[in-house]
Amino acid sequence: MDKELLKQIPSIRKEIGDLERAVAKVKRQIDKLKNDEVCDTVSGSRDDLTIGPIKIRGHPQKEYGQKLAELQKKKALMESKRVELLKMENKAEEYIQSIQDSSLRRIIRFRYIDDLSWQQVAFRMGRYSADSCRKKAERFMSG
């Protein structure tokens, strides 16, 4: 499970970013909906029983409450999924920290957490070739 999770980390990170952008968009929609208020002044009897202008405020959409509730529910679902993905990312990081071999731990982190190509991993490792890094990671992942 943990090794399979490592392969998903680059995609999980991208999904977290996607969700953050989507949550921001829904939040803007909620703010726009809340700020979309209509005001009018009518003449009538006030609370103190005098007659004069009365300011009336309201939202023009018939389904304002329902639309607001659905947008808030959508935002909450996306935020919940984002938290779940962050937990998965942390679980993968904990798993990497449990790897005893330092060079293997670095290779795995560069490849799966930093989402580097094998060439970039080899460059960061210094004295390793891209193939040796890939082989070392493949042996670990299959074992």
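Every number here is computed from the coordinates shown, using simple stated rules; none is lab data. Because the structure is a prediction, the values reported are computed rather than measured. Cβ coordinates were reconstructed from backbone atoms using ideal geometry, including for glycine residues, and neighbour counts include every protein chain displayed.
Please list, ordered by chain and number, the residues whose modelled amide H lies under 5 Å from the amide H of Ile54; skip anything fewer than 5 residues away on the same chain.
The list, which skips near neighbours in sequence, is Val42, Ser43, Gly44.
Would you kindly derive the ³J(HN,Hα) couplings of segment 70-75 from the backbone phi angles with the Karplus curve 6.51 cos²θ - 1.76 cosθ + 1.60 (θ = phi - 60°), listing them in order in whole Hz, with x for Gly and Pro?
Running phi through 6.51 cos²θ - 1.76 cosθ + 1.60 with θ = phi - 60° gives 5, 5, 5, 5, 4, 4 Hz.
Across segment 54-143, how large is the tail of the calculated P(r) beyond 18 Å, expressed as a percent of all Cα pairs?
Details: 2487 of 4005 pairs.
Counting pairs separated by more than 18 Å, the tail of P(r) holds 62 percent.
Considering the dipole of the chain built from charges on the beta carbon (Lys and Arg +1, Asp and Glu -1) around the Cα centre, which of Val23, Ser132, Thr41 is farthest to its positive end?
My answer, from the dipole projection, is Ser132.
Just to confirm my numbers, what's the Cα centroid distance between segment 83-143 and segment 26-49 in Å?
56
Any idea what % of Cα-Cα pairs in segment 52-102 are farther than 11 Å? All intermediate terms of the calculation are to be shown ahead of the outcome.
Working: 984 of 1275 pairs.
Pairs farther apart than 11 Å: 77 percent.
Given segment 10-59, report the % of alpha carbon pairs whose separation exceeds 15 Å.
Numbers: 816 of 1225 pairs.
More than 15 Å apart: 67 percent of the Cα pairs in segment 10-59.
Say the cut-off is 31 Å between C-alpha atoms; which of Lys81/Lys135; Lys3/Lys25; Lys7/Lys74; Lys91/Lys135; Lys7/Lys75; Lys55/Lys81 go over it?
Numbers: Lys81/Lys135 34 Å; Lys3/Lys25 34 Å; Lys7/Lys74 28 Å; Lys91/Lys135 24 Å; Lys7/Lys75 28 Å; Lys55/Lys81 43 Å.
Among Lys81/Lys135; Lys3/Lys25; Lys7/Lys74; Lys91/Lys135; Lys7/Lys75; Lys55/Lys81, the Cα-Cα distance tops 31 Å for Lys81/Lys135; Lys3/Lys25; Lys55/Lys81.
For a quick check: with amide H placed at 1.01 Å from N, whose amide H comes under 5 Å from His59's, ignoring anything fewer than 5 positions away on the same chain?
The list, which skips near neighbours in sequence, is Val38.
Run the simple label-point estimate for Ser98 and Ser43 please: 7 Å along Cα→C-beta, distance reported in nm.
Spacing of the two 7 Å Cα→Cβ label points: 7.9 nm.
Would you mind estimating how fast segment 1-129 diffuses translationally, via Stokes-Einstein at 10 °C and 1.306 mPa s with the Kirkwood radius over Cα pairs, in µm²/s?
Values: Rh = 19.2 Å.
So the translational diffusion coefficient is about 83 µm²/s.
Can you work out the Karplus-derived ³J(HN,Hα) for every residue in segment 47-57? Use 6.51 cos²θ - 1.76 cosθ + 1.60 with θ = phi - 60°, whole Hz, and x for glycine or proline.
Karplus-based 3J(HN,Hα) across segment 47-57 equals 4, 8, 6, 8, 9, x, x, 10, 8, 10, 10 Hz.
Give the residue from Phe110, Ser80, Ile96 lying farthest towards the positive end of the charge dipole for segment 53-143; charges sit on Cβ (+1 for Lys and Arg, -1 for Asp and Glu) and the dipole is referred to the Cα centre.
Checked the options; the winner is Ser80.
Short version: ³J(HN,Hα) in whole Hz for each residue of segment 12-23, in order, from phi by Karplus 6.51 cos²θ - 1.76 cosθ + 1.60 (θ = phi - 60°), x for Gly and Pro, what are they?
4, 4, 5, 5, 4, x, 4, 5, 4, 5, 5, 4
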